[in-house]
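What follows is a single structure, written as structure tokens, with notes after it.
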Amino acid sequence: MRQGTTDLMIEFAVACLATEDHRRIKKLVRDMAQAWPNEAALGIAFAITTAASTFEDIVDTQASSKSAQLGFRLAALVAADIYAIQEMGQVPAKGQDLLHFWRRVDPYFLDV
């Protein structure tokens, strides 16, 4: 069975969360936008949300809970950026649009 792009994105996000390295997790959104520049940006938010939920269900430690919470926070922040991009007329926003937006408007995900 061939894995779809969304499955690969979720797998990538789960692997990142599993490191429990908050510096690496904070780079997750940028890494995903760079890895999948032509995919719908909402796919990034979806993958991170799904990964955080999955990770939270699988691992039950305080450190993993903090990693999952960080994942949910990042998904919410990137969703807000996607909304801003789409309100400016770029529908659907793609990973490359996020990178452009961050360079021009809000470098939060570039500076981590």
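The values are calculated or read from the model by the stated rules, or taken from the named source; none is laboratory data. These numbers were taken from a predicted model, which means no experiment stands behind them. Heads up, the Cβs are rebuilt from the backbone with ideal geometry, glycines too, and the neighbour counts pull from every protein chain shown. Just the protein is used for accessible areas: all its heavy atoms, side chains included, with ligands, DNA and RNA removed. Shrake-Rupley method; radii C 1.70, N 1.55, O 1.52, S 1.80 Å.
Numbers below:
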| read-out | value |
| --- | --- |
| Three semi-axes of the equivalent ellipsoid, the stretch 5-103, Cα gyration tensor, whole Å, largest first | 24, 12, 11 |
| Residue order for Ile85, Ile10 - accessible surface, 1.4 angstrom probe, largest first | Ile10, Ile85 |
| Cα centre as origin, Lys/Arg/Asp/Glu Cβ charges: the chain dipole, Debye | 320 debye |
| Accessible area of the chain divided out per residue, in Å², using a probe of 1.4 angstrom | 57 Å² |
| Under-5 Å amide H pairs with Glu39, H placed in peptide plane, nonlocal only | Gly95, Gln96 |
| Under the Karplus curve 6.51 cos²θ - 1.76 cosθ + 1.60, θ = phi - 60°, whole-Hz ³J(HN,Hα) for the stretch 16-28, x wherever Gly or Pro sits | 5, 4, 5, 5, 6, 9, 5, 5, 5, 5, 5, 8, 4 |
| Set of the stretch 38-78 residues, backbone N closer than 15 Å to the point 7 Å along the Cα-Cβ line of Arg103 | 38 |
| Charge dipole (the stretch 5-103, unit charges on Cβ, about Cα centre) - positive-most of Phe55, Ile25, Ala68 | Ile25 |
| Rounded percent of accessible protein surface that carbon and sulfur make up, the stretch 5-103, 1.4 Å probe | 52 percent |
